[in-house]
1. I need 48, 31 ordered by Cβ neighbour count within 10 Å, fewest first.
2. Label points 7 Å out from Cα along the Cβ direction at residue 85 and residue 41: separation in nm?
3. Rounded to the nearest 10 degrees, what's the angle between the helix 119-152 long axis and the longest principal axis of the chain, both from Cα atoms, 0 to 90?
4. Test of understanding: what is the full-extension gain from residue 155 to residue 63, defined as 0.36 nm times their sequence separation minus their Cα-Cα distance?
5. With the chain treated as a Gaussian network of Cα nodes joined by springs under 10 Å, which of 170, 106, 156 yields the largest mean-square fluctuation?
6. Expressed in nm to one decimal, what extension gain is obtained for the pair residue 70 and residue 119 from 0.36 nm per residue of sequence separation less their Cα-Cα distance?
7. Given 0.36 nm per residue, what is the gain on full extension from residue 129 to residue 34 after removing their alpha carbon distance, in nm?
8. Given the rule -39500 (n - 2.57) for each run of at least 4 DSSP H residues, summed and divided by the residues of the chain, what is its mean residue ellipticity at 222 nm, to the nearest 500 deg cm²/dmol?
């Protein structure tokens with residue numbers, strides 16, 4: 001075997017090892033996105049389980065706020081549907097509606113001193129608020145994982161292997177601008 005053949009063989013080995021390294025990196029990114037989604041999913045499930053309890057406690061005190069409670073139940077159902085199907089695009093708007101509904105509910109609860117003093121309500125409100133904060137934190141981790149994956153599968157030379165092996169972009173979990181706005185408490189008491 002001549003020197004030229006050894007050089008070609010060495011280049012082929014280096015190219016294959018480089019390709020394996022790229023492939024393994026893409027697999028790692030894909031699984032990080034899946035893990036980040038699973039972490040969000042656990043919290044969404046926990047919150048999903050707490051919401052009926054909260055609605056039931058509120059029903060006992062808020063007879064005149066049935067529309068608010070119904071919106072939460074509908075939004076909860078939309079979140080569950082999007083969550084169970086893994087539809088991140090639908091989850092964002094559904095989450096926005098649920099969070100707005102919860103914000104409205106907690107603001108309206110200020111108008112019901114007996115409800116605010118109820119220990120079950122306080123515990124559920126605290127638990128749901130804690131879950132909301134955790135979901136926000138995990139959403140940040142998920143979106144970062146998605147971003148790293150999406151950038152990497154578009155960069156050269158990774159894009160060659162990504163296309164060859166069918167690596168796909170993931171959707172960011174985004175909530176609408178309406179969620180980021182403050183709740184208009186004054187309007188809630190005059191509706």
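No value in this document is a laboratory result; all are computed from the given coordinates. Owing to the predicted nature of the structure, the values given are computational and were not obtained by experimental measurement. A quick note on method: Cβ atoms are made from the backbone with ideal geometry, for glycine too, and the neighbour counts reach across all protein chains shown.
1. 31, 48
2. Going by the 7 Å Cα→Cβ label model, 1.6 nm.
3. The angle comes out near 20 degrees.
4. Result: 27.4 nm gained on full extension.
5. 156
6. 15.4 nm
7. Working: separation 95, 0.36 × 95 = 34.20 nm, distance 2.48 nm.
Roughly 31.7 nm would be gained on extension.
8. -28000 deg cm²/dmol, from helical runs alone.
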